Amino acid sequence: MTQSAVPKQRSFPKIEFTDSEAGALEFPSSKSRAYNYYQPAKLRATMYEDVTVDVQPDPDRHLSQGWIYGFGDGPGGYPKEWTAAKSSNWHAFLDPNEEWNQTIYRNNSAIVRQVDLCLQNAKRARAYDGWNPAWLKFVERNLGAWMHAENGLALHVFTSIQRSGPTNMINTAVAVNAAHKMRFAQDLALFNLDLSEADVPFDGSAHIGVWKDAPEWQPTREVVERLTAVGDWCELLFATNIVFEQLVGSLFRTELVMQIAARNGDYITPTIVGTGEYDYDRDLNYTRNLFRLLTRDAEFGETNKALFGDWLATWVPRCLDAAQALQPIWSQPADKPVTFASSLDAAKQKFRSLLEDLGLDSPKELDQ
Amino acid sequence: MSRQSLTKAHAKITELSWEPTFATPATRFGTDYTFERAPKKDPLKQIMRSYFPMEEEKDNRVYGAMDGAIRGNMFRQVQQRWLEWQKLFLSIIPFPEISAARAMPMAIDAVPNPEIHNGLAVQMIDEVRHSTIQMNLKKLYMNNYIDPAGFDMTEKAFANNYAGTIGRQFGEGFITGDAITAANIYLTVVAETAFTNTLFVAMPDEAAANGDYLLPTVVHSVQSDESRHISNGYSILLMALADERNRPLLERDLRYAWWNNHCVVDAAIGTFIEYGTKDRRKDRESYAEMWRRWIYDDYYRSYLLPLEKYGLTIPHDLVEEAWNRITNKGYVHEVARFFATGWPVNYWRIDAMTDTDFEWFEHKYPGWYSKYGKWWENYNRLAYPGRNKPIAFEEVGYQYPHRCWTCMVPALIREDMVTEKVDDQWRTYCSETCYWTDAVAFRSEYEGRPTPNMGRLTGFREWETLHHNKDLADIVADLGYVRDDGKTLIGQPHLDLDDPKKMWTLDDVRGNTFMSPNVLLNQMSDAEREAHVAAYKANGTKAAG
């Protein structure tokens with residue numbers, strides 16, 4: 001029989017009532033209950049502003065000792081010289097989506113639940129059984145190829161950019177963009193996994209070969225890889241969210257997949273791809289705001305426009321080549337409610353409208 | 001999601017990466033490490049489908065607790081002594097968090113392993129979460145705590161304060177210099193794996209003991225993400241270890257990162273825990289005891305020591321010296337006294353120590369009273385304006401210290417101070433290791449091999465030089481550490497808010513000229529400097545035993 005141990009004397013801190021609540025006393029600054037080191041955009045600061053502004057310091061604002069670590073070949077911190085674009089006040093940019101941790105997780109969790117419910121329903125209803133072979137092949141090859149592009153942009157474009165922007169507001173908006181892309185790419189991959197486990201003829205590994213070798217996808221892969229090789233963060237953001245997403249991303253997602261899937265008996269794909277569309281809509285919002293700020297900058301607006309014109313001259317032809325190369329996939333589904341020409345026209349029109357909004361001239365290549 | 005389906009899902013996600021053939025990603029941030037021969041190591045598996053709902057649930061718990069704290073009038077029972085130090089801590093910590101997010105692409109660029117890229121990108125989002133959730137906690141304190149001054153100017157104060165700059169290393173060190181040194185060894189292998197234990201596990205204990213259960217709520221939620229980050233770091237470390245050429249760099253970086261983390265984090269968190277608490281139960285752990293448990297046993301013995309089986313020389317001497325500084329050389333007590341000496345240029349108030357505190361310190365750190373007791377009695381005696389200057393300008397047997405050029409905590413263990421001419425300037429260092437960091441490690445060549453990617457120590461590193469030969473009142477006004485009546489200082493050497501006559505104003509501190517020790521040192525002749533340094537070192541608090 002074991003001897004029961006003597007119970008150890010419990011020890012715990014004593015609660016003391018201190019009356020340390022707001023308003024308990026009046027004294028200088030006793031009512032100073034707003035962050036006072038920045039000017040909010042409106043009269044009252046938003047939660048987003050309060051948790052984002054000035055968290056990344058700036059020697060031009062309050063950082064009196066400067067950056068205390070440098071790179072071997074240049075200054076540390078977030079040098080404004082890391083892009084050729086110029087702003088008289090980078091801090092004027094605020095994310096119209098007002099992303100901070102609560103919005104990031106609420107919004108993305110809602111999407112996760114939507115996608116999850118959709119996929120569960122698809123299995124329960126044996127939705128894939130009704131797809132015709134041509135559509136199965138279309139999803140297997142093309143949606144399969146596209147998810148690589150989304151993943152590449154997530155990891156090597158947006159994740160990369162968020163190290164380099166000169167303010168916390170820019171970098172956080174881009175970090176959220178990266179999270180969107182990563183979630184969407186993974187959702188497409190897991191959808192692919194579901195299909196490969198369903199009792200339908202679907203090759204879950206075909207996407208790898210298509211992305212690497214199929215002629216219609218090589219110019220798209222080339223643009224994505226060339227994007228990841230860009231060193232200027234602002235050019236990278238412009239080329240991706242303004243040019244590539246409009247002429248290739250939206251062309252494929254908005255003007256093709258979202259238009260034809262239902263006509264081919266598929267209500268699952270548009271639900272999932274629609275989440276990527278929703279993401280891009282939000283991401284375009286912040287991107288548009290940033291570049292509008294730069295083109296309307298009183299001091300640097302005109303030089304920025306010229307710079308963006310150069311960037312358009314580089315990236316529009318590449319993206320149009322990628323778009324043209326995709327033409328054959330418009331013929332692959334059994335039901336073809338839209339033509340490549342009409343889809344490309346629609347994408348170009350939206351792109352022109354976006355450029356107009358930014359105060360930029362449409363490049364001549366768009367008219368060819 | 002079941003483990004089997006998670007494994008399958010993760011395997012599927014790895015199919016998303018590919019080897020580029022048209023162009024390779026730009027190397028924006030270089031490294032002198034090489035991974036050509038590295039076998040790929042997997043970090044913990046995480047997919048976004050399960051990640052977002054998991055984090056949302058964690059968030060919901062945090063915000064529920066915040067609502068509950070306000071409804072339950074938590075601030076009726078919060079100790080002001082504790083909350084005042086949060087003005088400093090919470091001004092610093094969101095920057096290291098967001099810097100960790102910004103560091104992730106550096107590691108992605110450097111390490112050729114898609115499995116790890118995924119883990120690092122998820123960590124990026126975690127870090128955005130941590131930074132903004134901490135900013136939100138601070139806002140709640142500002143709105144509900146009796147004295148919002150200091151919280152209200154938090155990010156500005158962080159950016160222009162001498163203590164903020166010390167803390168900023170724990171952030172800038174993540175995002176600058178060699179990508180692996182910064183984003184892997186300094187950030188993940190040392191800061192996250194070792195020192196978040198004192199930041200996010202030990203310190204919240206003390207918060208709760210002082211009536212604040214929101215800090216534990218928020219930072220424990222933060223800490224629950226760290227295991228994935230630690231796994232990311234460990235995977236990269238193992239990959240780096242696979243190539244013999246990396247070994248000298250790993251050993252260099254472990255020495256630098258360990259020592260700098262010790263200097264910075266132990267200074268801050270040690271002070272918050274030991275001098276910010278009202279809980280003086282004899283059986284509550286001191287910072288030294290917490291450090292022994294969380295850093296020495298959990299990190300050094302369980303994590304670092306096993307790395308020896310890979311042939312890596314780990315910095316035993318520096319671990320032991322950190323322990324020696326904390327237990328025998330009074331490191332934390334010296335830092336606390338330094339912070340309290342500088343109270344006019346703080347944006348938080350520092351409470352005096354009482355007999356109860358003295359008794360506790362003497363119990364935990366025998367000999368404490370003979371070294372520090374008299375000074376704290378003077379601090380108490382000189383707490384109110386009218387009859388005396390701020391304590392830094394009164395004769396209380398304390399010489400304002402030289403700043404360490406590297407870690408920027410002053411050379412407080414005076415007998416250990418190193419004085420050397422580096423880059424044509426006389427600089428002081430708190431220790432041989434900080435001197436080595438500046439003179440040897442952060443250079444473009446290391447042990448005869450080029451290290452062009454290693455970072456540099458830059459900036460106006462000595463805060464005092466920026467304010468040399470200025471009147472204290474002008475310094476405080478320039479920093480903006482003045483309350484909304486335009487004259488009362490935010491920092492005060494006591495917690496009395498009930499009597500305006502007890503609160504120091506700009507007029508009360510005017511007439512005191514502040515001199516930079518480093519400027520003065522560089523103005524001395526060789527003989528003067530040698531005598532000065534000898535006297536400074538002799539005035540040191542000798543190690544016990």
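If you go through region A:25-78, how many residues are open to solvent by less than 60 Å² (accessible area, probe 1.4 Å) and either within 31 Å of the chain's Cα centre (by Cα) or under 18 Å from B:Gly171 (Cα atoms) (or both)?
Going through region A:25-78 one residue at a time, the tally reaches 32.
Going through A:Leu155, A:Leu227 one at a time, which residue ends up being in contact (Cβ under 8 Å) with a residue 24 or more places away in the chain, buried (at least 24 other Cβ atoms within 10 Å of the Cβ), facing chain B (nearest Cβ under 7 Å) and within 30 Å of B:Ser131 (Cβ to Cβ)?
Within the list A:Leu155, A:Leu227, the selection yields A:Leu155.
Report, ordered by the first and then the second residue, all pairs with beta carbons closer than 7 Å, sequence separation of six or more or different chains, a first member in region B:283-295 that is within 14 Å of chain A (Cβ to nearest Cβ), and a second member that is not in a helix (DSSP H, G or I).
Pairs found: B:Asp283/A:Ser11.
Restricting attention to region B:313-323, does a residue exist that is away from every other protein chain (no Cβ under 14 Å), in contact (Cβ under 8 Å) with a residue 40 or more places away in the chain, closer than 22 Å to B:Thr354 by Cα and of a type outside the set (Asp, Glu)?
No, there is no match, as no residue in region B:313-323 is away from every other protein chain (no Cβ under 14 Å), in contact (Cβ under 8 Å) with a residue 40 or more places away in the chain, closer than 22 Å to B:Thr354 by Cα and of a type outside the set (Asp, Glu).
Quick check on region B:73-81. Is at least one of its residues more than 7 Å from chain A (Cβ to nearest Cβ), part of a helix (DSSP H, G or I) and surrounded by fewer than 22 Cβ atoms within 10 Å (Cβ to Cβ)?
yes
Kindly provide the set of residues from region B:435-455 that are open to solvent by 40 Å² or more (accessible area, probe 1.4 Å), of a type outside the set (Phe, Trp, Tyr) and touching a Ser or Thr at 6+ places or on another chain (Cβ under 8 Å), ordered by number.
Those that are open to solvent by 40 Å² or more (accessible area, probe 1.4 Å), of a type outside the set (Phe, Trp, Tyr) and touching a Ser or Thr at 6+ places or on another chain (Cβ under 8 Å): B:Arg443, B:Ser444, B:Glu445, B:Pro450, B:Pro452, B:Asn453.
If only one of B:Ala103, B:Ala110 is aliphatic (A, V, I, L, M) and either more than 8 Å from chain A (Cβ to nearest Cβ) or touching a strand residue (DSSP E or B) at 6+ places or on another chain (Cβ under 7 Å) (or both), which one is it?
Testing whether each residue is aliphatic (A, V, I, L, M) and either more than 8 Å from chain A (Cβ to nearest Cβ) or touching a strand residue (DSSP E or B) at 6+ places or on another chain (Cβ under 7 Å) (or both) leaves just B:Ala110.
Restricted to region A:202-224, and to residues that are more than 7 Å from chain B (Cβ to nearest Cβ) and more than 21 Å from A:Leu247 (Cα to Cα), which residue is surrounded by the most Cβ atoms within 10 Å (Cβ to Cβ)?
Looking at the filtered set, the residue picked out is A:His207.
How about region A:1-41: which of its residues are among the acidic types (Asp, Glu) and within 7 Å of another protein chain (Cβ to nearest Cβ)?
A:Glu16, A:Asp19, A:Glu21
Can you tell me which residue within region B:137-147, out of those that are closer than 25 Å to A:Ser109 by Cβ and in contact (Cβ under 8 Å) with a residue 60 or more places away in the chain, is least open to solvent (accessible area, probe 1.4 Å)?
So the residue we want is B:Leu137.
So, in region B:145-180, of the ones that are in a loop (DSSP other than H, G, I, E, B) and within 18 Å of the chain's Cα centre (by Cα), which residue ends up farthest from the other protein chains (Cβ to nearest Cβ)?
Out of the qualifying residues, it is B:Asn161.
Here's the yes/no breakdown for (1) farther than 30 Å from B:Gln77 by Cβ; (2) open to solvent by 10 Å² or more (accessible area, probe 1.4 Å); (3) in contact (Cβ under 8 Å) with a residue 12 or more places away in the chain:
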| site | (1), (2), (3) |
| --- | --- |
| B:Tyr186 | yes, no, yes |
| B:Val189 | yes, no, yes |
| B:Phe195 | no, no, yes |
| B:Ala207 | no, no, yes |
| B:Ser231 | yes, yes, yes |
| B:Met239 | yes, no, yes |
| B:Leu250 | yes, no, yes |
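Quick check, is B:Asp283 outside any helix (DSSP H, G or I), acidic (Asp, Glu) and either at pLDDT 95 or above or open to solvent by 60 Å² or more (accessible area, probe 1.4 Å) (or both)?
yes
Of the residues that sit in region A:330-368 and are out of contact with any Phe, Trp or Tyr (no Cβ under 6 Å at 6 or more places or on another chain), of a type in the set (A, V, I, L, M, F, W, C) and not in a helix (DSSP H, G or I), which one is nearest to A:Trp311 (Cα to Cα)?
A:Val338
Test B:Pro96 against the stated conditions and say whether it is assigned to a helix (DSSP H, G or I) and either open to solvent by 20 Å² or more (accessible area, probe 1.4 Å) or not polar (S, T, N, Q) (or both).
yes
Could you please give the count of residues in region B:375-434 that are closer than 28 Å to B:Ser525 by Cβ and not in a loop (DSSP other than H, G, I, E, B)?
So the answer is 19.
Taking A:Glu299 and the conditions (1) outside any helix (DSSP H, G or I); (2) of a type in the set (D, E, K, R); (3) closer than 24 Å to A:Val224 by Cα, which numbered condition does it fall short on, given that it satisfies the others?
(3)
Listed here are the residues, each with its yes/no results for (1) more than 9 Å from chain A (Cβ to nearest Cβ); (2) within 23 Å of the chain's Cα centre (by Cα); (3) open to solvent by 10 Å² or more (accessible area, probe 1.4 Å).
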residue	(1), (2), (3)
B:Trp463	no, yes, no
B:Leu466	no, yes, yes
B:Asp485	no, no, yes
B:Ile490	no, yes, no
B:Leu495	yes, no, yes
B:Asp498	no, no, yes
B:Trp504	yes, no, no
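Looking at (1) within 23 Å of B:Pro94 (Cβ to Cβ); (2) in a loop (DSSP other than H, G, I, E, B); (3) in contact with a Leu (Cβ under 8 Å, 6 or more places away or on another chain), can you tell me which one A:Tyr48 breaks?
(2)
Identify, please: which residue in region B:511-521 is open to solvent by less than 60 Å² (accessible area, probe 1.4 Å) and among the polar types (S, T, N, Q) and is, among those, nearest to B:Trp463 (Cα to Cα)?
B:Ser516
Can you go through A:Thr275, A:Thr271, A:Thr240 and tell me which one is within 16 Å of the chain's Cα centre (by Cα), part of a helix (DSSP H, G or I) and either within 27 Å of A:Ala125 (Cα to Cα) or free of Cβ contacts under 8 Å to residues at least 40 places away in the same chain (or both)?
So the residue among A:Thr275, A:Thr271, A:Thr240 that is within 16 Å of the chain's Cα centre (by Cα), part of a helix (DSSP H, G or I) and either within 27 Å of A:Ala125 (Cα to Cα) or free of Cβ contacts under 8 Å to residues at least 40 places away in the same chain (or both) is A:Thr275.
Yes or no: A:Trp135 open to solvent by less than 20 Å² (accessible area, probe 1.4 Å), at the interface with chain B (Cβ under 9 Å from one of its Cβ atoms) and in contact with a Gly (Cβ under 8 Å, 6 or more places away or on another chain)?
When the stated conditions are applied, A:Trp135 does not pass them.
Every residue in region B:1-44 that is of a type in the set (Asp, Glu), open to solvent by 50 Å² or more (accessible area, probe 1.4 Å) and within 12 Å of another protein chain (Cβ to nearest Cβ), please.
B:Glu15, B:Glu19
Please name all residue pairs, on different chains or six or more residues apart, with Cβ atoms under 6 Å, provided the first residue is in region A:54-75 and is more than 7 Å from chain B (Cβ to nearest Cβ) and at negative phi and the second residue is at pLDDT 95 or above and part of a loop (DSSP other than H, G, I, E, B).
A:Pro59/A:Gly66
Suppose we filter region A:329-362 for residues that are farther than 17 Å from A:Thr254 by Cβ, open to solvent by 60 Å² or more (accessible area, probe 1.4 Å) and without any contact (Cβ under 8 Å) to a residue 40 or more places away in the chain; how many remain?
2
Determine if region A:165-174 includes at least one residue that is modelled with pLDDT of 95 or more, within 9 Å of chain B (Cβ to nearest Cβ), closer than 23 Å to A:Asn89 by Cα and touching a Gly at 6+ places or on another chain (Cβ under 6 Å).
yes
The values are calculated or read from the model by the stated rules, or taken from the named source; none is laboratory data. Because the structure is predicted, anything quoted here is derived from the model rather than measured. Don't worry about glycine lacking a Cβ; one is built from the backbone with ideal geometry, like all the others, and counts go over all protein chains shown. Note: accessible area is taken over every heavy atom of the protein model, side chains too, but ligands, DNA and RNA are not part of it. Shrake-Rupley method; radii C 1.70, N 1.55, O 1.52, S 1.80 Å.
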